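Q: The structure follows.
The values are calculated or read from the model by the stated rules, or taken from the named source; none is laboratory data. Treat the numbers as computed from the prediction; the structure is a model and nothing was measured. So basically every Cβ, Gly included, is an ideal-geometry build from the backbone, and we count neighbours across all protein chains shown. For accessibility, only protein heavy atoms count, side chains too; no ligands or nucleic acids. Shrake-Rupley method; radii C 1.70, N 1.55, O 1.52, S 1.80 Å.
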Amino acid sequence: MKRINVAIHETGSLKKIVHLSLNSPQNLNAFDLAFYEELKTSLDNIANDEDTGVLVLSSNLTKAFSTGVDVKYIQTLTNQAASLFFQNVSNLLEQLVCFPVPTIAIINGYAYGAGADLAISCDLRVASTTTEFRFPGPKFGLILGTKRLINEIGPSRARFLTLSGTKVKAATAQHYGLVHRVCEEAQEAYDTALNWSNTLLKMPADTAGALKELCTGDKESSSNLTRDSVLQGDFQERFHRYLEKTN
């Protein structure tokens, strides 16, 4: 079964809207190696297609956008292997932040950890009222998308969310700047993303690119910070303690 579905929306312009939907129901779109590799390949192919004008990222699942990392997979890794995996995920998030065309996330249900980082790596974000964000990584010693979080919502709120692990409902997420609009129904969120896409397609590509670059902030990659956070001490021991406390 494909974990990533890609659909093309033909438009009246020369460019097209590419809709990439996450589809891994067995683990609620959590990141394991297969999910990462399929998502990475899809993003590479879309980025290299000169006909792409906008990328829309969503989930096929009602319950979740993405619940973060696959716990069972992470538990099979050595500290070194975990460090490499999370560094690769960090690079993928950075690729999405710097994607060559505007990106829109349609978020529903759980957006936790790496899933939350994936959502906020997109330029524009629309959420359903079921959306719930959480950034639990620091609880087991992982720093992943925090730099992007700081850039999007500011250091004070980012510090609070990462240190406390607080769950953030849709309305608060909009107030914080994690999302730009909240919709009652999934179809309304989808229609909003398509309307935004059509607006973006009318903008000169160079202008959209310049605006993305101006708003990205510090371009220095955070993958080394991610790697070092995992290798600090015994990651698997920290991860095990975290799971014991949450179960």
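Q: Whether any residue in segment 59-66 is open to solvent by 10 Å² or more (accessible area, probe 1.4 Å), farther than 19 Å from R148 by Cβ and hydroxyl-bearing (S, T, Y) is what I want to check. Walk me through how you get there before you give the answer.
A: So in segment 59-66, the residues open to solvent by 10 Å² or more (accessible area, probe 1.4 Å) come out as 59-63.
Restricting the remaining residues to those that are farther than 19 Å from R148 by Cβ gives 59-63.
Within this subset, residues satisfying the condition of being hydroxyl-bearing (S, T, Y) are 59, 62.
Checked segment 59-66: at least one residue is open to solvent by 10 Å² or more (accessible area, probe 1.4 Å), farther than 19 Å from R148 by Cβ and hydroxyl-bearing (S, T, Y).
Q: Right, here's the next one. Going by the conditions given, is D228 within 30 Å of E50 (Cα to Cα) and of a type in the set (D, E, K, R)?
A: On the way: within 30 Å of E50 (Cα to Cα): no; of a type in the set (D, E, K, R): yes.
In short, no.
Q: Considering only residues of segment 214-240 that are outside any helix (DSSP H, G or I) and over 23 Å from the mean Cα position of the chain (by Cα), which is modelled with the highest pLDDT?
A: As a first pass, look at segment 214-240 and keep what is outside any helix (DSSP H, G or I): 217-222, 232-234.
Remaining after also requiring over 23 Å from the mean Cα position of the chain (by Cα): 232-234.
Working: Q232: 89, G233: 89, D234: 92.
Only one residue tops the list, namely D234.
Q: Please state which one of T62, T11, T76 is free of Cβ contacts under 8 Å to residues at least 40 places away in the same chain and β-branched (V, I, T). Talk me through it step by step, then tell me what you get.
A: On the way: T62 fails: free of Cβ contacts under 8 Å to residues at least 40 places away in the same chain; T11 fails: free of Cβ contacts under 8 Å to residues at least 40 places away in the same chain.
Answer to the check: T76.
Q: Shifting gears a bit: Quick one: S59 ticks every box in (1) in contact with a Phe, Trp or Tyr (Cβ under 6 Å, 6 or more places away or on another chain); (2) over 17 Å from N108 (Cβ atoms); (3) polar (S, T, N, Q) bar one, so which box is it?
A: Tallying (1) in contact with a Phe, Trp or Tyr (Cβ under 6 Å, 6 or more places away or on another chain); (2) over 17 Å from N108 (Cβ atoms); (3) polar (S, T, N, Q), S59 fails exactly one: (2).
Q: Within the bounds of segment 72-87, is there any residue that is hydroxyl-bearing (S, T, Y) and buried (at least 21 other Cβ atoms within 10 Å of the Cβ)? Working first, answer last.
A: Pass one, segment 72-87, residues hydroxyl-bearing (S, T, Y): 73, 76, 78, 83.
When the remaining residues are screened for being buried (at least 21 other Cβ atoms within 10 Å of the Cβ), the result is none.
No - not one qualifying residue is present in segment 72-87.
Q: Is there any pair with a first residue in segment 108-130 that is closer than 16 Å to F35 by Cβ and at pLDDT 95 or above and a second that is open to solvent by 10 Å² or more (accessible area, probe 1.4 Å) and hydroxyl-bearing (S, T, Y) whose Cβ atoms are under 6 Å apart and which are 6 or more apart or on different chains, and what are they?
A: As it stands, the answer is Y110/T67; Y112/T67; G115/T67, since those pairs meet every condition given.
Q: Another question about this same structure. Just checking, which of L214, L201, L178, L194 is under 20 Å from G113 (Cβ atoms) and aliphatic (A, V, I, L, M)? Steps first, answer last, please.
A: On the way: L214 fails: under 20 Å from G113 (Cβ atoms); L201 fails: under 20 Å from G113 (Cβ atoms); L194 fails: under 20 Å from G113 (Cβ atoms).
Only one candidate qualifies: L178.
Q: Check whether at least one residue in segment 208-216 is of a type in the set (S, T, N, Q), touching a helix residue (DSSP H, G or I) at 6+ places or on another chain (Cβ under 9 Å) and farther than 30 Å from K15 by Cβ, and report yes or no.
A: no
Q: Further question: Considering each of K139, K169 in turn, give the residue that is in contact with an Asp or Glu (Cβ under 7 Å, 6 or more places away or on another chain) and either open to solvent by 40 Å² or more (accessible area, probe 1.4 Å) or more than 21 Å from A105 (Cβ to Cβ) (or both).
A: Numbers: K139 fails: in contact with an Asp or Glu (Cβ under 7 Å, 6 or more places away or on another chain).
Just one listed residue meets the conditions, K169.
Q: If you don't mind, there's one more thing I want to ask. Can you tell me which residue in segment 12-51 is farthest from L61 (Cα to Cα), limited to those that are part of a loop (DSSP other than H, G, I, E, B) and open to solvent by less than 40 Å² (accessible area, probe 1.4 Å)?
A: Step one: list which residues in segment 12-51 are part of a loop (DSSP other than H, G, I, E, B), which gives 12-15, 23-24, 28-30, 32, 48-51.
From what's left, open to solvent by less than 40 Å² (accessible area, probe 1.4 Å): 23-24, 29-30, 32.
Numbers: N23: 7, S24: 8, N29: 8, A30: 12, D32: 17 Å.
For segment 12-51, the residue satisfying everything is D32.
Q: Give the residue, chosen from T103, T146, T162, that is open to solvent by 10 Å² or more (accessible area, probe 1.4 Å), without any contact (Cβ under 8 Å) to a residue 60 or more places away in the chain and β-branched (V, I, T).
A: T162
Q: Does segment 24-44 include one or more residues that are touching a His at 6+ places or on another chain (Cβ under 9 Å) and modelled with pLDDT of 95 or more? Write out each step before concluding.
A: In the first step, residues of segment 24-44 are kept if they are touching a His at 6+ places or on another chain (Cβ under 9 Å); the result is none.
Looking for residues that are touching a His at 6+ places or on another chain (Cβ under 9 Å) and modelled with pLDDT of 95 or more, one finds none in segment 24-44, hence no.
Q: Further, regarding this structure: Condition test on T192, is it closer than 23 Å to K139 by Cα, surrounded by 14 or more Cβ atoms within 10 Å (Cβ to Cβ) and of a type in the set (V, I, T)?
A: On the way: closer than 23 Å to K139 by Cα: no; surrounded by 14 or more Cβ atoms within 10 Å (Cβ to Cβ): yes; of a type in the set (V, I, T): yes.
Spelling it out, it is not the case that T192 is closer than 23 Å to K139 by Cα, surrounded by 14 or more Cβ atoms within 10 Å (Cβ to Cβ) and of a type in the set (V, I, T).
Q: E244: in contact (Cβ under 8 Å) with a residue 24 or more places away in the chain, within 25 Å of E132 (Cβ to Cβ) and open to solvent by 100 Å² or more (accessible area, probe 1.4 Å), yes or no? Don't jump to the end; show me each part of the working.
A: Working: in contact (Cβ under 8 Å) with a residue 24 or more places away in the chain: no; within 25 Å of E132 (Cβ to Cβ): yes; open to solvent by 100 Å² or more (accessible area, probe 1.4 Å): yes.
No, not satisfied.
Q: Can I ask one more? Can you spot a residue in segment 107-126 that is over 29 Å from G209 (Cβ atoms), open to solvent by 20 Å² or more (accessible area, probe 1.4 Å) and of a type in the set (F, W, Y)?
A: First, pick out the residues of segment 107-126 that are over 29 Å from G209 (Cβ atoms): 109-110, 112-113.
Cutting the leftovers down to open to solvent by 20 Å² or more (accessible area, probe 1.4 Å) gives us 110, 112.
Keeping just the survivors that are of a type in the set (F, W, Y) gives 110, 112.
Taking every residue of segment 107-126 in turn, at least one turns out to be over 29 Å from G209 (Cβ atoms), open to solvent by 20 Å² or more (accessible area, probe 1.4 Å) and of a type in the set (F, W, Y).
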